[in-house]
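Visitor: This is the structure, below, for whatever I ask next.
The values are calculated or read from the model by the stated rules, or taken from the named source; none is laboratory data. Quantities reported herein were computed from a predicted structural model and do not represent experimental measurements. Methodologically, a virtual Cβ is constructed for each residue, glycine included, from the backbone with ideal geometry; neighbour enumeration extends over all protein chains shown.
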Amino acid sequence: GEKAMELVIFNRWGEIMFKSTDKYEEWNGMYKGVPAQQDVYAYALKVIALNDEVYNYTGTITLIR
């Protein structure tokens, strides 16, 4: 299990498109109420485990409409 998590999704210019600390919240592909462009986005996921170990994951996701 985890104590906490943070997911951040960035566009190609480093602008934050989505940020959440709720593991049940999903990015719906919207940005400021407007559908985000079909593109490749980077993500950074930080998880703090119950034993206080920190895990960092990064990668890309492709938004296809």
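Visitor: So in the stretch 29-49, with the set limited to residues that are touching a residue at least 24 places away in the same chain (Cβ under 8 Å) and among the β-branched types (Val, Ile, Thr), which one is nearest to VAL8 (Cα to Cα)?
Guide: It comes out as VAL47.
Visitor: Now for a different question. Among the residues of the stretch 44-60, which ones are closer than 15 Å to LEU7 by Cβ and loosely packed, with under 13 Cβ neighbours inside 10 Å?
Guide: Residues of the stretch 44-60 that are closer than 15 Å to LEU7 by Cβ, as a first pass: 44-48, 54-60.
The answer is VAL54, TYR55, ASN56, TYR57, THR58, GLY59, THR60.
Visitor: Still on this model: LYS23 - would you say it is out of contact with any Lys or Arg (no Cβ under 9 Å at 6 or more places or on another chain) and in a strand (DSSP E or B)?
Guide: Details: out of contact with any Lys or Arg (no Cβ under 9 Å at 6 or more places or on another chain): yes; in a strand (DSSP E or B): no.
It is false that LYS23 is out of contact with any Lys or Arg (no Cβ under 9 Å at 6 or more places or on another chain) and in a strand (DSSP E or B).
Visitor: Any residue at all in the stretch 12-19 that's outside any strand (DSSP E or B), basic (Lys, Arg) and in contact (Cβ under 8 Å) with a residue 24 or more places away in the chain?
Guide: yes
Visitor: Restricting attention to the stretch 35-43, does a residue exist that is assigned to a strand (DSSP E or B), surrounded by 11 or more Cβ atoms within 10 Å (Cβ to Cβ) and at pLDDT below 95?
Guide: Within the stretch 35-43, not a single residue is assigned to a strand (DSSP E or B), surrounded by 11 or more Cβ atoms within 10 Å (Cβ to Cβ) and at pLDDT below 95.
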